[in-house]
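Novice: One structure, as structure tokens, below. Some questions next.
The values are calculated or read from the model by the stated rules, or taken from the named source; none is laboratory data. Bear in mind the structure is a predicted one, so any value in this text is a computation, not a measurement. The protein model used for the area step is the full one, side chains on, heavy atoms only, and it has no ligands, DNA or RNA in it. Shrake-Rupley method; radii C 1.70, N 1.55, O 1.52, S 1.80 Å.
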Amino acid sequence: MAFCLLFRYDSRKFEKRLSLEQESVRKKESLASQLKKLKEEEKIQKALNHFERIPAEFKTIETVSHMIRYMKRGEAQTLEEALYFWEMDENNHSTNK
């Protein structure tokens with residue numbers, strides 16, 4: 001009977017330790033994904049801080065949203081590249097009409 005009680009106590013301790021370790025792993029994964037998001041947002045914010053380099057005619061909500069999309073996808077590394085891709089898309093769109 002004592003063996004059964006000790007075994008039951010050890011199994012509970014093991015289950016508790018296992019659940020704590022799993023929770024720790026989930027927290028680490030969550031923190032890693034949040035860090036990745038922050039780095040992406042930081043990259044975009046850094047580029048937007050240099051918004052003055054864009055000509056005034058391209059400072060519209062539509063243009064900026066397209067440039068952010070290109071940067072989030074990783075197609076463009078700078079605002080100038082994003083603006084270039086946007087202009088290319090606009091040219092292709094206007095010639096296809």
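Novice: Taking θ as phi - 60°, what are the ³J(HN,Hα) couplings along the range 65-73 by the Karplus curve (6.51, -1.76, 1.60), each to the nearest whole Hz, with x for Gly and Pro?
Specialist: Listing the rounded values in order: 5, 5, 5, 5, 4, 4, 6, 5, 6 Hz.
Novice: For Ile61, Ile68, write out the residues from largest to smallest accessible area, computed with a 1.4 angstrom probe and no ligands counted.
Specialist: Solvent-accessible surface, decreasing: Ile61, Ile68.
Novice: Would you grab the residues whose amide H sits under 5 Å from the one on Ala76? Only those 5+ places off in sequence or on another chain, please, with H modelled 1.01 Å from N.
Specialist: For Ala76, the qualifying residues are Met71.
Novice: Leaving ligands, DNA and RNA out of it, rank Leu83, Leu20 by accessible area with a 1.4 Å probe, largest first.
Specialist: Descending order: Leu20, Leu83.
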